[in-house]
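The values are calculated or read from the model by the stated rules, or taken from the named source; none is laboratory data. All figures in this text were calculated on a predicted structure; none of them were measured in a lab. Positions of Cβ are backbone-derived with ideal geometry, glycine not excepted, and every protein chain shown enters the neighbour counts. The protein model used for the area step is the full one, side chains on, heavy atoms only, and it has no ligands, DNA or RNA in it. Shrake-Rupley method; radii C 1.70, N 1.55, O 1.52, S 1.80 Å.
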Amino acid sequence: QACFASLVSQDYVNGTDQEEIRTGVDQCIQKFLDVARQTECFFLQKRLQLSVQKPEQVIKEDVSELRNELQRKEALIQKHLSKLRHWQQVLEDISVQHKKPAEMPQGPLAYLEQASANIPAPMKQT
């Protein structure tokens, strides 16, 4: 609140230079960071007390986190397997199409036309 208050305060709007505003905001941010560190320290102390008084609770939390991680990874594996099956099917479909024997036309002239259709056109030289 102090950070925003310093930005919207009437004192700063009425003729305060940028450097004063910046200094005030920096001080407010520093106070905010200090309070955040104190809060984090408080929770870490409570966590330490809990681990000493009830070590089984910490183990339960760790097990729960590991289960959640395993479920997330299992879902990711299933997603990758699904994609893998899809692409395997695509490759199989392509290989089946290429393995089908092409219907050969009857007669030597038709065979020659079929064979010449597969020859690439000569490249033009410039």
Open item on the list: Restricting to region 66-84, name every residue that is of a type in the set (Asp, Glu) and open to solvent by less than 90 Å² (accessible area, probe 1.4 Å).
Closed with: 69
TODO: Can you work out which of the residues in region 22-42 that are open to solvent by 100 Å² or more (accessible area, probe 1.4 Å) and either in contact with a helix residue (DSSP H, G or I) (Cβ under 7 Å, 6 or more places away or on another chain) or at pLDDT below 95 (or both) is nearest to residue 1 (Cα to Cα)?
DONE: 32
Open item on the list: Quick check on region 92-100. Is at least one of its residues open to solvent by 100 Å² or more (accessible area, probe 1.4 Å), modelled with pLDDT under 65, within 49 Å of the chain's Cα centre (by Cα) and at negative phi?
Closed with: yes
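So that you can scan it fast, the table gives a plain yes or no per residue for (1) surrounded by 10 or more Cβ atoms within 10 Å (Cβ to Cβ); (2) charged (D, E, K, R); (3) within 32 Å of the chain's Cα centre (by Cα); (4) in a helix (DSSP H, G or I):
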{"position": "44", "(1), (2), (3), (4)": "yes, no, yes, yes"}
{"position": "51", "(1), (2), (3), (4)": "yes, no, no, yes"}
{"position": "56", "(1), (2), (3), (4)": "no, yes, no, yes"}
{"position": "64", "(1), (2), (3), (4)": "yes, no, yes, yes"}
